[in-house]
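One structure is given here, and the rest of the page talks about it.
The values are calculated or read from the model by the stated rules, or taken from the named source; none is laboratory data. Nothing here was measured: the structure is a model prediction, and the numbers come from that model. FYI the Cβ positions are ideal-geometry reconstructions off the backbone, even for glycines, and counts take in every protein chain you see.
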Amino acid sequence: MEDKKVEKLINNEEKRQMDFVQLIASENFVSKDVMKATGSVFTNKYAEGYPNARYYGGCENVDKLEELAIERLKKIFNAKFANVQPHSGAQANIAAYNAILKPGDKILSMSLNSGGHLTHGHFVSIVGKFYKIFSYEVNKETEQLDYEEIRKIAKEVKPNLIICGASAYSRIIDFKKFVAIAKEVNAYLLADIAHIAGLIVADLHPNPLNDGVDIVTSTTHKTLRGARGGIILTNNPELAILLDKSVFPGTQGGPLMNVIAGKTVSFYEASLPSFKEYQKNIISNANVMANFFIQKGVKIISGGTDNHLLMINTKKSFNKTGKEAEEILYKVNIIVNKNAIPFDEERPIVTSGIRIGTPAMTTLGWRNKEFLKIAEVIYNVLKNDDNISIKKNKQIVIDLLKEGKNEKY
Ligand code: DSN
């Protein structure tokens, strides 16, 4: 590369990704093929519009590519309509709201502390400024969704849109119950499946499209292990037209065709039997960690996990904020993120918990044995973070990274 500064940063980042244990629940390692497609000549092409209805000439290859992406995506999710153009999960959500809501309409969604996402209506997001936002929490005792309570709130609020789906929730989401609530109050229902998309493709989590949810949004780079971006799905032909218009020209300009190429490759990979095995391992590895922590008396939010992540109440378990826990773990080459927990009293930049996810290290070949060892390290350093403990545990992590498969997918 002629630009040595950027080349150095790329090399440094590659090294960082291999030298640390990556436990951020929303991150993953894509295949070389996904990387190749994302870095391809499709980055040079403008293609505003949709296949066979573009505002530019020379679109014969991008048209075929986008059609292939849509076909593959519909197949893996059993969906009737798909839009592969959203640049991100946030863009997908904003386009979906814009398709069906007017400014000032009411949205009912999960609060950020209970596990929801900024784009579901937090006041710092544009969504919180455009629409009137009402929230539901998890149940204080079980720390799980309380569908009867959500139903009560929905009946009071009478929202135009209900959003289900989360960024930090470790339990199965019962889409059928949400569909019943939305029907009762005559609201649209949107499921944001960004975190659990891969599990759904592998039939390890209910599929909101099979359960009657109106609109499904997702990112493509978490458990789905594709190029970084967003997607929107629906089974409703009228909504499909509104959604397409809302993505382009409503909220975006030219699609990132190189990213769509990367997404297309990952949709193929997600259709292979090995993808199902991968998703099974993600869940099994998360369970191994959760069970270890529970047995040690660590406070796991909701008491366990059904998916790819677990949430630890670090305040109650180790008398440390999420920020402190994240910083201590970084010293032993483990990357997690601090995360608000239900009814958190700390600020979002501090928090009382951490979120741990297994998708990335499972891609690198880690199995129960490695995840159990890393859970032990996490427990030991959060219990005791003196210099001797840090030094000893960092060495364990380095050895584990060397002896674990740690292959690039
Ligand atoms: N999707 C979020 C996460 O889960 O990390 C980031 O916005």
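Structure above, values below:
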item: Residue within region 219-230 that is in contact with a Leu (Cβ under 8 Å, 6 or more places away or on another chain) and within 25 Å of residue 22 (Cα to Cα) present; result: yes
item: Qualifying position, being under 19 Å from residue 229 (Cβ atoms) and either among the basic types (Lys, Arg) or over 20 Å from the mean Cα position of the chain (by Cα) (or both), among 51, 103, 86; result: 51
item: Pair list, Cβ under 7 Å, 6 or more apart: region 379-391 residue under 19 Å from residue 298 (Cβ atoms) and without any contact (Cβ under 8 Å) to a residue 60 or more places away in the chain, other residue of a type in the set (Gly, Ala, Ser) and surrounded by 11 or more Cβ atoms within 10 Å (Cβ to Cβ); result: 380/389; 381/389
item: Residue within region 158-169 that is part of a helix (DSSP H, G or I), within 14 Å of the ligand (Cβ to nearest atom), hydrophobic (A, V, I, L, M, F, W, C) and buried (at least 19 other Cβ atoms within 10 Å of the Cβ) present; result: no
item: Candidate set: region 111-142, residues that are β-branched (Val, Ile, Thr) and farther than 17 Å from residue 313 by Cα; chosen: the one farthest from the ligand (Cβ to nearest atom); result: 133
item: Selection within region 182-199 - more than 16 Å from the ligand (Cβ to nearest atom) and in contact (Cβ under 8 Å) with a residue 60 or more places away in the chain; result: 187, 188
item: Check on residue 18, away from the ligand (no atom under 16 Å from the Cβ), in contact (Cβ under 8 Å) with a residue 12 or more places away in the chain and surrounded by fewer than 20 Cβ atoms within 10 Å (Cβ to Cβ); result: yes
item: Qualifying helices (runs of 4 or more DSSP H) (wholly inside region 1-103; at least 1 residues being at pLDDT below 95); result: 4-19
item: Cβ pairs under 8 Å, 6+ apart, first in region 279-294 and closer than 18 Å to residue 313 by Cβ, second surrounded by fewer than 24 Cβ atoms within 10 Å (Cβ to Cβ) and hydrophobic (A, V, I, L, M, F, W, C); result: 289/372; 289/375; 290/300; 292/372; 292/375; 293/300; 293/375; 294/300
item: Qualifying positions in region 183-200 - of a type in the set (A, V, I, L, M, F, W, C), assigned to a helix (DSSP H, G or I) and surrounded by 24 or more Cβ atoms within 10 Å (Cβ to Cβ); result: 197, 199, 200
item: Members of region 117-160 that are within 21 Å of the chain's Cα centre (by Cα) and of a type in the set (Asp, Glu); result: 137, 143
item: All positions within region 219-230 that are away from the ligand (no atom under 14 Å from the Cβ) and either under 12 Å from residue 87 (Cβ atoms) or assigned to a strand (DSSP E or B) (or both); result: 227
item: Any hit, region 55-65, residues being over 25 Å from residue 170 (Cα atoms), over 25 Å from the mean Cα position of the chain (by Cα) and in contact (Cβ under 8 Å) with a residue 60 or more places away in the chain; result: yes
item: Only listed residue being under 26 Å from residue 257 (Cα atoms), of a type in the set (A, V, I, L, M) and touching a residue at least 12 places away in the same chain (Cβ under 8 Å), chosen from 216, 179, 157; result: 216
item: Where residue 13 falls short, out of the listed (1) within 18 Å of residue 335 (Cβ to Cβ); (2) surrounded by 11 or more Cβ atoms within 10 Å (Cβ to Cβ); result: (2)
